[in-house]
Amino acid sequence: MAQRMLSDRVHGSLDYGELARLGLRPGDVIDFSANTFADGLPQRIAEALASTNVTHYPDREMEPARSELAACLGVGPRELAIGAGACSLLWRLVAMTPAGSTVGVVGPTFSEFRTAAIAHGRRVDEFCSDLGAPFALKVDDLVAWAGARERAAVYVCSPNNPTGTVLVPSDLQRIAAAVSPGILVVDEAYATPFAAPRPKRANDIVSLRSLTKILGCPGIRVGYLVAGADLCARLEQSRPTWSVGAHALTIVSTCCALVPELQERERRLKQAASALAEQLRERGVPCHQPGTPWLLARVGDGDTVRACLLERHRLLVRACASFGLAEWIRISPRLSPALDQRLISALLECVQTDA
Ligand SMILES: Cc1ncc(COP(=O)(O)O)c(C=O)c1O
């Protein structure tokens, strides 16, 4: 059987191998495909990173970042785990589930939990929301599915990438109760930065957050989760020593002082996504924009339109076929009216060529 490569996994952001095949360099392309803040790092974090000492190993217990983050979130230092990106924490959560167990995924959604589960030999089953806009998630059906069989863990993303569906705390409590004694993993990579994890910490609900998106620094791998102390202790036991680098810990320590600035970033991103969706709709392109920092545009064949935008215009968007949404592309605004206009013109041209 042919070996699957890591590059076969479908995500937003640059695919360096693809760019090389097209004769493009990363700097040639404008990236609308990754849901990250376009204007880069806050000044204060850039300065803190520049003066980060890398001549020693970082603290094995990740102090003082752990205690600072705990204080910022209002939880105990042992009720959280810091990881090299939310992605690595997802893999560690999967690794904790018993060999041979089944895990569930609420789709269509971000694929890493499923990928990790398959890599670890877990069985995966899926509850799927409607695949047409507005991508309604029937919570009663989801609760019934969650309780219908034993699963070691169930993954939900809220707000969901890519559909934007949100599960409110009371829904999450009901789903968690149905999944119990398995754990409910709530990926809140796109929740308001530093808003209280929902619902509050419990041993069977994990709230997972990414710091790479809102800070505009996915090249530094940093994220965290909040859960009950028992679950966090088990996670800590299975992590490699020094698994989070000094730069990532600097980010954790520094960003707690920047909460209002990060929340303002979120507001700007959502406003830009909504404005871009409106402009596309005015030009006849159906869009789905549920208050997320991105929008979905229904363009016919998403893969073809993505290829056209990249190859002819050097603009990168995320085709959604891997989510089961082949007609859609996902676009994250770049916070520049000129770049947004460039994308709109190119997109209209590509959609017409494809029609
Ligand atoms: C829902 C979701 N969770 C987690 C991640 C990964 O975040 P990180 O960069 O912190 O690993 C992504 C990245 O696209 C995502 O969309």
Next on the checklist: Can you give me the long-range amide H partners of ALA153? Hydrogens built in the peptide plane at 1.01 Å from N, cutoff under 5 Å, separation of 5 or more residues or another chain.
Outcome noted: GLY104, ILE183
Checklist entry - With r defined as the distance between the Cβ atoms of ARG25 and SER336 and R0 fixed at 25 Å, what FRET efficiency is calculated, to the nearest 0.05? => result 0.80
Item to check | Unpaired by the 4.7 Å Cβ criterion, cysteines found in the chain | outcome: CYS87, CYS128, CYS157, CYS217, CYS232, CYS255, CYS287, CYS320
Checklist entry - Using modelled backbone amide H atoms (1.01 Å from N, in-plane), which distant-in-sequence or interchain residues come within less than 5 Å of VAL124's amide H? => result VAL103
Checklist entry - In the neighborhood of ARG239, defined by Cβ-to-Cβ distances under 12 Å, what is the net charge if each Lys or Arg adds +1 and each Asp or Glu adds -1? => result +1
Item to check | Local net charge near GLY324, Cβ-Cβ under 12 Å (Lys/Arg +1, Asp/Glu -1) | outcome: -3
Checklist outcome for this item: Expressed as a whole-number percentage, the relative contact order of the chain with C-alpha contacts under 8 angstrom and at least six residues apart is 22 percent
Checklist entry - Per the helix-only calculation at 222 nm, which mean residue ellipticity applies to the chain, given -39500 (n - 2.57) for every DSSP H run of n ≥ 4 and division by its residues, nearest 500 deg cm²/dmol? => result -11500 deg cm²/dmol
Next on the checklist: Roughly how far apart, in whole Å, are the Cα centres of segment 309-338 and segment 130-200?
Outcome noted: 26 Å
Checklist outcome for this item: Here, segment 3-99 modelled as identical Cα point scatterers in vacuum has Debye log10 I(q)/I(0) at q = 0.14 Å⁻¹ of -0.93
Next on the checklist: With just the Cα atoms defining each centre, how far is segment 6-68 from segment 72-106? Give it in Å.
Outcome noted: 21 Å
Item to check | Kirkwood-Stokes translational diffusion coefficient of segment 226-355, alpha-carbon pairs, 20 °C, 1.002 mPa s, µm²/s | outcome: 124 µm²/s
Checklist entry - Quick one: if the Förster radius is 35 Å, what FRET efficiency do ALA71 and LEU14 give, using the C-beta to C-beta distance and rounding to 0.05? => result 0.45
Next on the checklist: Could you compute the net charge surrounding ARG66? Neighbours are other residues with a C-beta less than 14 Å from the C-beta of ARG66; K and R count +1, D and E count -1.
Outcome noted: -3
Checklist entry - What FRET efficiency would be calculated for the residue pair ALA144, ARG281, taking the C-beta separation as r and a Förster radius of 35 Å, to the nearest 0.05? => result 0.50
Checklist entry - If you take all C-alpha pairs in the chain, what percent of them are over 38 Å apart? => result 16 percent
Checklist entry - Counting only DSSP beta bridges with both residues in the chain, what percent are antiparallel, rounded to the nearest 5? => result 45 percent
Next on the checklist: Give me the extension gain from ARG312 to ALA99: residue separation times 0.36 nm, minus the current Cα-Cα distance, reported in nm with one decimal.
Outcome noted: 72.0 nm
Item to check | Net charge dipole size for the chain [Lys, Arg +1 and Asp, Glu -1 on Cβ; Debye, nearest 20] | outcome: 260 debye
Checklist outcome for this item: Expressed in Å to one decimal, the Kirkwood Rh of segment 202-253 from all distinct alpha-carbon pairs is 12.2 Å
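Just so you know, all these numbers are worked out from the coordinates, no wet-lab data involved. Just so you know, these numbers come straight off a predicted model, no measurement behind them. Glycine gets a Cβ as well: all are built from the backbone with ideal geometry, and neighbour counts include every protein chain shown.
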